[in-house]
Amino acid sequence: MTTHLTVKGVVIREVDYGEADRILDLFTENGILTVRARGARKLQSRFAAVTQLFAYGEFCLRQSRDRYDLDSAVSLSLFYGLRQNMEALALASYFTELIRKVATAQPQPQLMRLFLCCLHYCSHQTYPLAQLKAIFELRLTVILGIAPDLLCCISCLRYEPPRPILRLASANFICTDCCLTHHPYDMTVSISVLRAARHVLFSDFEKVFGFRLGEENLNQFGLFTEQYLLLHLDKPSLPALKAYQTLTGTHYDIPSIYQTGNEYFL
Ligand SMILES: [Zn+2]
């Protein structure tokens, strides 16, 4: 039996198929769907633009058993800016890689919203890419229910100690005064980094992008969000992350972190 389905979604993979078709993976309100777009590579195809990588559109699909064919589509945004900046493109690819790891068959509207906003800001270069990357990574932990508890020091309950030590493995923090022994994946950060992390974790979504960090703090914040996420996703293989790191010279392939002063000890 054939049924019809209309969904909004982003093309997160497109491969050529046959003489003129494309097979698409769409990240939609209903999870990831694999769709065949017949004739999409023909010059005069009305689907040519909306079936490109990162295109966001409304797709009318014909479903037969577990297969989907594209009937029609309307483009909502093509994020053209991603094609003009290699680093932005690499970051968008990393977001896509994470989406593939965490998307489920259930509707995930918060994940879709975060993904779309980050693609938009990457495309327009509204915020530093390093900041967008960190926000995506940390806010993703909220959506997945694996966010760290950064409310106060786990020992003395101080809210803003001068040198907080983020404990990536136990997903909380302790202040330097209370810390008797260092654990693997401990990371001493500035109070600005702790504040930024709380902002991303606790803000309403509309406000989550609205903060600034200096370069050094942003680097530290990015190291924390990346390592925290990778650790709690069981260190998945992420080639797009490696490509982004190589392109931007921010390679943190660190098995465990322990930081004193401004230096990291591996
Ligand atoms: Zn304390």
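Derivation of every value follows stated rules applied to the coordinates shown; laboratory data play no part. Keep in mind the model is a prediction, meaning the values are calculated, not measured. Cβ atoms come from the backbone with ideal geometry, glycine included; neighbour counts cover every protein chain shown.
On average, how much area does the Cα convex hull of segment 54-141 cover when viewed from any direction, in nm²? Let's see the in-between values first.
Values: hull surface 25.5 nm².
Averaged projected area of segment 54-141's Cα convex hull equals 6.4 nm².
On average over all directions, what projected area in square nanometres does segment 7-166 have, based on the convex hull of its Cα atoms? List each step's numbers first, then the result.
Details: hull surface 46.1 nm².
Seen from a random direction, the Cα hull of segment 7-166 projects 11.5 nm² on average.
May I ask for the equivalent-ellipsoid semi-axes of segment 83-204, computed as the square root of five times each C-alpha gyration tensor eigenvalue and listed largest first in whole Å?
After scaling each eigenvalue by five and taking roots: 30, 16, 13 Å.
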(message) What does DSSP give for the chain in terms of the percent of beta bridges that are antiparallel, rounded to the nearest 5?
(response) 95
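What does the charge dipole of the chain about its Cα centre add up to, to the nearest 20 debye, if the Cβ of each Lys and Arg holds +1 and the Cβ of each Asp and Glu holds -1? If you can, show how the numbers build up before the last one.
Numbers: 26 positive and 25 negative charges, 123 e Å.
The calculated dipole for the chain is roughly 600 debye.
Taking only C-alpha pairs under 8 Å that are 6+ residues apart, what is the relative contact order of the chain in percent?
Working: 439 pairs, mean separation 37.2, N = 266.
RCO, the chain: 14 percent.
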(request) Could you work out how far helix 239-248 tilts from the main Cα principal axis of the chain, as a 0 to 90 degree angle to the nearest 10? (result) 70
(message) Using DSSP to call loops (not H, G, I, E or B), can you name the GluC sites (Glu not before Pro) in segment 1-91 whose Cβ has at most 16 other Cβ atoms within 10 angstrom?
(response) 19, 29
(message) If you build the convex hull over the alpha carbons only and average its shadow over all orientations, what do you get for segment 2-78? Give it in nm² to one decimal.
(response) 4.5
(request) Over segment 121-210, calculate the relative contact order: mean separation of alpha carbon pairs under 8 Å at least 6 apart, over the residue count, as a percent. (result) 26
